[in-house]
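Presented below is the structure to which this report refers.
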Amino acid sequence: MPANIVIGTQWGDEGKGKIIDIISSRADVVVRSQGGNNAGHTVVNNGEVYKLHLIPSGILYKDTLCLIGAGVVLDPKDFIGELDGLEGRGISTANLKIDPRAHVVMPWHIALDGLSEAFRGGKDIGTTKRGIGPAYMDKYERCGIRVYDLVHPEVLAEKIQSTGKLKNKIITEVYGGEAFDLDAVTAEYTEYGKRLLPFVDDVSVLTFEADKAGKTIMFEGAQATLLDIDFGTYPYVTSSHPLSAGVCIGTGVGPKIITNIIGVAKAYTTRVGKGPFPTELDDEIGEQIRNVGGEFGTTTGRPRRTGWFDAVIVRHSVRVNGLDSLAINKLDTLANLDTLKICTAYKMPDGRVIENFPPTLEELEGCTPVYEEFPGFTEDISGCRSFDELPENCKKYIARLEELVGCPVSMVGVGPDRSQIIER
Ligand code: GDP
Ligand code: IMO
Ligand code: MG
């Protein structure tokens, strides 16, 4: 019956993996519903580090059913690599299912991601180059290859020929790139299909039936609100809907089954890739946050841009996702800074002050953050397990943050390990 959604409220990498892992420990079913291996979710258990990209984080619990819904774009080669990596570490993948409707990331999607980014020159998006955008383009163009096709060799061979010919033309004649040998692609992907066949099942039906049977379900968000194709900082976004509402479409269940929506944020802000970032710190404070917080991409290893907590963007997330509560991670990273700042609003070039995130980059341009300052803390909070144990300055920071975004904080992260969490 209880169905939780856990989603990102900033630009990704908020520590969703950790929160999802904690909630997975109490769930019977964990479902991924959008995105692909552009995601990188870290779970740390007693020093053991797991980095998951496509496989739901619930896989670390042997009895949990892990589902990959229709809204995901699946790179079979990477998926098999992840399967083997987990199996090699003694993690069973027997309880994993993939919806036959999910689209497959083909090698030309990856090539086209790189070629189109290069073509944009200095105006590139800074994608993860995993072929995510081109795979979703084909889905909406209605020429994509789906998991069902992948596991049916005759269908796959036919689709690779018809789609592949057009892709090769675009790659060679528009971008001057190299054509794919379609027979070789067919042989390679047919093998992937054989490996995936036992995992294919109707995730919409499985989720619906689990709910009816009174099981606890958790929907694992990937990416984040400000990367949403409509409600993010377009065009510097991903190509899916990482919002709470996206979960229903990407799984194939109605919104009435959802009982609780948790948004994950960092106690500050980071962004990897290009695009606006009003509270970005290009100074030694930003550098300190990056080094102390280990802010380097889980998927691409790129240094993450860092900045102060922006209540304007999280307020936007509270609204567009209908959040019930927030998990604030990495409060420990802010130790030893004399002053902490929270952006409460933006000042427009004409002097007006706005509290809602502007819908377009044109309107955002010229906006400057309005800050409120807080005294910092020097205590090591990584061992705190109750809210009362936190230093007064931390409590004040969290209390004001709750007020500013209009949402209660139900969890506070004080370190990367699954045990380093305060639940209220
Ligand atoms: P996700 O994409 O939202 O799952 O986040 P990532 O795994 O990409 O990045 C979050 C990083 O922060 C990972 O290295 C986590 O291990 C780490 N992390 C998560 N929560 C905390 C926390 O409360 N404190 C600290 N210091 N690290 C954390
Ligand atoms: P998790 O789930 C952070 C960003 C990329 C780029 C933009 C578009 O780990 O939070 P794409 O490859 O999706 O076309 O890239 O989106 N991006 C992420 N940033 N965390 C992620 O996932 C991301 N997934 C995509 O850096 O700016
Ligand atoms: Mg990540």
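Some observations on this one:
- Once the 1.4 Å probe is applied to the protein heavy atoms, the chain comes out at 41 Å² accessible per residue.
- Computed from the alpha carbon positions, the gyration tensor of the range 103-196 leads to an equivalent ellipsoid with semi-axes of 24, 14, 11 Å, biggest first.
- Spatially, the range 240-282 and the range 296-321 are offset by 9 Å when compared through their Cα centroids.
- Each 5 Å bin from zero holds the following percent of Cα-Cα pairs in the range 265-423: 2, 9, 18, 21, 21, 17, 8, 3, 1, 0.
- Applying a DSSP loop filter and a limit of 16 other Cβ atoms within 10 Å to the trypsin sites (Lys or Arg not before Pro) in the range 335-417 leaves R352, R385.
- Loop-located trypsin sites (Lys or Arg not before Pro) in the range 33-104 whose Cβ has at most 15 other Cβ within 10 Å (DSSP): K62, R89
- Size of the chain: Rg and Dmax of its alpha carbons, in Å, are 21.6, 66.
- Value of relative contact order over the range 265-423, rounded to a whole percent, pairs C-alpha under 8 Å and six or more apart: 25 percent
- Selection from Q223, V318, T259 lying farthest towards where the dipole of the chain points positive, charges on Cβ: T259
- 26 Å Cα-Cα threshold exceeded, pairs from K274/K347; K97/K215; K97/K139; K129/K167; K62/K266; K77/K165: K62/K266
- Amide H contacts of T216 (H built 1.01 Å from N, in plane; Pro and chain starts excluded): D28, V29 sit under 5 Å, all sequence-distant by 5 or more or on other chains.
- Accessible surface of C394, taken over heavy atoms with a 1.4 Å probe and every protein chain present, rounds to 0 Å².
- For the range 329-366, GluC sites (Glu not before Pro) meeting the loop criterion (DSSP other than H, G, I, E, B) and having at most 12 other Cβ atoms within 10 Å: E365.
- Of all accessible heavy-atom area on the chain, the percent that carbon and sulfur account for (1.4 Å): 53 percent
- For the chain, size of Cβ-based charge dipole, Lys and Arg +1, Asp and Glu -1, in debye: 600 debye
- Rounded to 5, the percent of DSSP beta bridges in the range 265-423 classed as antiparallel: 70 percent
- 12 Å beta-carbon shell around E117, net charge (K/R +1, D/E -1): +3
- Under the Karplus curve 6.51 cos²θ - 1.76 cosθ + 1.60, θ = phi - 60°, whole-Hz ³J(HN,Hα) for the range 214-226, x wherever Gly or Pro sits: x, 6, 8, 10, 10, 9, 9, x, 10, 6, 6, 4, 6
The values are calculated or read from the model by the stated rules, or taken from the named source; none is laboratory data. All figures in this text were calculated on a predicted structure; none of them were measured in a lab. Virtual Cβ from ideal backbone geometry, glycine too; neighbours counted across all protein chains shown. Only protein heavy atoms, including side chains, enter the accessible area calculation; ligands, DNA and RNA are left aside. Shrake-Rupley method; radii C 1.70, N 1.55, O 1.52, S 1.80 Å.
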